[in-house]
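Encoded as structure tokens, the structure appears first; notes follow it.
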Amino acid sequence: MDQRLRDLLAAATAPAPDPAEVAGLPLPESMRAAVVRRGDVEMFQGLAAKDKDPRASLRVEQVPLPPLGPNECLVAPMASALNFNTVWTALFEPVPTFTFLRKLGRESDLGRRHDLDHHIVGSDASGVVLRVGPGVSRWRPGDRVTVHCNDVDLEGPEGHDDSMLDTHQRIWGFETNFGGLAEISLVKANQLMPMPTHLDWEEAASLSLTLATAYRMLVSPNAGAMRQGDVVLVWGATGGLGGFAVQLVRNGGGIPVCVVSSADKAELLRSLGVERIIDRSAEGYEFWADGQPQPAEWRRFGSRIRELTGGEDPDLVFEHPGRATFGASVYVAKRGGTVVTCASTSGYTHEYDNRYLWMQLKRVVGSHFANYREAWQANRLVSLGMIHPILTRTYPLAEVAEAAYAIHCNAHTGKLGVLVNAEREGLGIVDSEKRERFAEQLSGWRQLV
Ligand code: NAP
């Protein structure tokens, strides 16, 4: 690590950092970052998405620092985390993310900074503020923060009820450059949230993208608005989204019905106290086969859910696998129930039988990340000890592509963290007493996997 960065981090992570001292120390001239390169976008030409290998395209390189603009901050991520969007970026699927950067570059002078031949990825981070740009008054150098990934200016009227409706809304580190998998990241001031004091850097970094997405999908009136007693079908219940969805459903008095694909994952849920679990592999469901949806399988699945719930259908379906499951999700939802969808991991052209939707007055609701308030509320639940991290493994930045590969192959459980500036795991905890109170929940996922 560059000596200037080392000095900056020492000052910014000191117990009571002096903002003026941090702001006065020089920045390094370049930094390490996980990038994909524009020159590589054709490298997987002709391969199916499943055969593309993110280890070939996602590299750790020395790159220039991002220039700081108004209402922005430079943050040094002590840790970051892997999300599926970095896998999509590294596979250049469904389109190369350089397309997003080019569009952003055409919008404004500040946007032009992002349109480079390398894309610094990563949509989660925990770390320390190093610099604040003109117009930032809420945050100071030395503040410990977690970063959420909703990038908006709100210059237009569209996003003022809900910033996710802003027509220029973007996901940081996916649709913008200068993401969290770098020694220094560029964020808007309105992406920052206080880091929960009882967590270490990698736990704090592993939360926001999937937790806030699940929060909006299930809790927010903008999407699921779950009520006490609701039966909620959760696909991928030990994945990045699902692991938080299960906690949110249980906190809100809902009844989760959890789908996973192995006995180990089912056992993990059982040991956390979850009762209604479907192992889709052991029970051999194939909702999509030979290029066709399989209605007989939807019916078999619906009967199985009723067996587990005493005859009830899901009020809410937490949907993200997409083509492989969407027909089943629409079929099993209760009359008048809601399928909330935020993704299409297995394919984004869905087929379902519309008779089950209109005749039974069901709704399909699209949901995407979260506005600042929703992300803040989700972060607050973590600070209160009502939601806990689901981190299972942490990689050094140099091995970030291995983490992306594990997610691409569905070989992971929970969240995968990445150490960026932190020297080792377990650092960054401010309130050890509070941590002690949640020791069991915090050791849960790491111990059980
Ligand atoms: P993840 O950690 O890989 O978890 C997804 C889970 O889905 C897996 O653990 C797997 O569980 C299950 N799954 C995968 N393929 C499946 C299939 N064909 N049928 C049934 N279940 C399947 O990923 P994640 O972080 O939860 O993200 C999931 C998706 O949501 C990704 O496409 C991601 O890009 C998207 N996403 C969107 C937003 C947004 O704001 N719109 C935010 C976060 C994530 P089992 O194998 O155990 O069943």
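The values are calculated or read from the model by the stated rules, or taken from the named source; none is laboratory data. Computed from a predicted structure; not experimentally measured. Cβ placement follows ideal geometry from the backbone for every residue including glycine, while neighbour counts extend to all protein chains displayed. The accessibility values were calculated without ligands, DNA or RNA, using every heavy atom of the protein model including side chains. Shrake-Rupley method; radii C 1.70, N 1.55, O 1.52, S 1.80 Å.
Structure summary
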| item | result |
| --- | --- |
| Hits in segment 205-222 (condition: within 11 Å of the ligand (Cβ to nearest atom) and assigned to a loop (DSSP other than H, G, I, E, B)) | Ser206 |
| Residues within segment 370-403 that are in a strand (DSSP E or B), more than 22 Å from Gly242 (Cβ to Cβ) and in contact with a helix residue (DSSP H, G or I) (Cβ under 8 Å, 6 or more places away or on another chain), tallied | 0 |
| Test: residue in segment 13-21 that is assigned to a helix (DSSP H, G or I), farther than 30 Å from Trp88 by Cα and of a type in the set (D, E, K, R) | yes |
| Criterion: open to solvent by 60 Å² or more (accessible area, probe 1.4 Å) and either away from the ligand (no atom under 14 Å from the Cβ) or over 26 Å from Ser220 (Cα atoms) (or both) - qualifying residue of Leu316, Leu268, Leu361 | Leu361 |
| Conditions (1) open to solvent by 10 Å² or more (accessible area, probe 1.4 Å); (2) touching a strand residue (DSSP E or B) at 6+ places or on another chain (Cβ under 6 Å); (3) among the aliphatic types (A, V, I, L, M): number failed by Ala33 | (1) |
| Enumerated strands (runs of 3 or more DSSP E) restricted to segment 113-204, each holding at least 2 residues that are under 21 Å from Met1 (Cβ atoms) and touching a residue at least 24 places away in the same chain (Cβ under 8 Å) | 118-120, 125-132, 144-147, 185-188 |
| Qualifying positions in segment 229-273 - in a loop (DSSP other than H, G, I, E, B), of a type in the set (A, V, I, L, M, F, W, C) and under 19 Å from Asp315 (Cβ atoms) | Trp235, Ala237 |
| Segment 99-116, subset closer than 21 Å to Met31 by Cα and open to solvent by 10 Å² or more (accessible area, probe 1.4 Å), residue farthest from the ligand (Cβ to nearest atom) | Arg112 |
| Among residues of segment 187-207, those that are open to solvent by 10 Å² or more (accessible area, probe 1.4 Å) and either of a type in the set (A, V, I, L, M) or within 13 Å of the chain's Cα centre (by Cα) (or both), counted | 2 |
| Every residue from segment 223-253 that is in contact with a strand residue (DSSP E or B) (Cβ under 8 Å, 6 or more places away or on another chain), over 23 Å from Tyr372 (Cα atoms), more than 10 Å from the ligand (Cβ to nearest atom) and without any contact (Cβ under 8 Å) to a residue 60 or more places away in the chain | Gly229, Arg250 |
| Residue satisfying condition, being in the same structural domain as Ala289 (by TED's automatic domain parsing), of a type in the set (Ser, Thr, Tyr) and at pLDDT 95 or above, within set Tyr356, Tyr348, Tyr395 | Tyr356 |
| Matching residues in segment 407-424 - criterion: being buried (at least 18 other Cβ atoms within 10 Å of the Cβ) and outside any strand (DSSP E or B) | Ile407, His408, His412, Thr413, Gly414, Val420, Asn421, Ala422 |
| Selection within segment 327-357 - more than 20 Å from the chain's Cα centre (by Cα), loosely packed, with under 15 Cβ neighbours inside 10 Å and within 16 Å of the ligand (Cβ to nearest atom) | Thr349, Glu351 |
| Residue count, segment 74-93 (criterion: more than 11 Å from the ligand (Cβ to nearest atom) and either open to solvent by 50 Å² or more (accessible area, probe 1.4 Å) or in a helix (DSSP H, G or I) (or both)) | 2 |
| Test result for Leu65, open to solvent by less than 10 Å² (accessible area, probe 1.4 Å) and not assigned by TED's automatic domain parsing to the domain that holds Gly347 | no |
| Selection status of Leu9, over 27 Å from Ala401 (Cα atoms) and either open to solvent by less than 40 Å² (accessible area, probe 1.4 Å) or of a type outside the set (Gly, Ala, Ser) (or both) | no |
| Segment 29-50, residues that are among the charged types (D, E, K, R) and modelled with pLDDT under 95 | Glu29, Lys50 |
| Per-region count, segment 254-265, residues within 12 Å of the ligand (Cβ to nearest atom) and open to solvent by 10 Å² or more (accessible area, probe 1.4 Å) | 5 |
